[in-house]
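Right, one structure below, let's go through it.
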Amino acid sequence: MARIRGIKPEFFSDDELGALSPLTRLFFVGLWTQADRAGRLQDRPARLGACLLPYDDCDPDAMLSDLARSGHVVRYEVDGQKLLEIPGFLRHQ
């Protein structure tokens, strides 16, 4: 279930985010709407892409990898289930 989330002005001046493509930055904001209260969600790139960027020709798995490399998401697995966590989510949402 999608949730209403807020975006702080500092988001736009984050140097690490600024190094990512505009579509990846938009995808990152979209992840917030899919995350639970603790900033966790299933790591399902195809589904997330269809949900968040239905009109864009993009590679959600590559965008998640870019976000993981920059430290904006953590990809992990528990009992065979692939998951994502957004570090700092509780501090900002």
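The values are calculated or read from the model by the stated rules, or taken from the named source; none is laboratory data. Remember, it's a predicted structure, so these values are computed and weren't measured experimentally. Using ideal geometry, Cβ is built from the backbone for each residue, glycine included, and neighbour counts are taken over all protein chains shown. With ligands, DNA and RNA removed, areas are computed over all heavy atoms of the protein, side chains included. Shrake-Rupley method; radii C 1.70, N 1.55, O 1.52, S 1.80 Å.
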Expected field for Val78, accessible surface area in Å² at 1.4 Å probe radius, rounded to 10, holds 70
So the compactness index of segment 37-78, its C-alpha Rg divided by 2.2 N^0.38 Å, takes the value 1.18
Quick calc, Tyr55 & Phe11: beta-carbon distance into FRET formula, R0 22 Å, rounding 0.05, result 0.50
Hydrophobic long helices for the chain, i.e. whole DSSP H runs reaching 18 angstrom or more by Cα along the axis with Kyte-Doolittle mean at least -1.0, come out as 22-34
Options (i) 13.0; (ii) 14.3; (iii) 13.4 are given for Kirkwood radius over Cα pairs in Å, and the computed one is (iii)
Sorted list, accessible surface of protein heavy atoms, 1.4 Å probe, largest first, for Leu90, Leu84 is Leu90, Leu84
With DSSP loop assignment and no more than 14 other C-beta atoms within 10 Å, the trypsin sites (Lys or Arg not before Pro) in segment 7-93 are Arg37
So for segment 3-56, using the alpha carbon gyration tensor with a ≥ b ≥ c as root eigenvalues (a/c under 1.5 gives rounded; past that, a/b versus b/c decides prolate or oblate), I'd call it oblate
Rounded to a whole %, the carbon-and-sulfur portion of the accessible area of segment 1-85 at a 1.4 Å probe is 52
Among Gly30, Gly18, Gly39, the residue with the largest mean-square fluctuation in a Gaussian network model of the chain built from Cα contacts under 10 Å is Gly18
Given a 1.4 Å probe, the accessible area of the chain per residue, as a whole number of Å², is 65
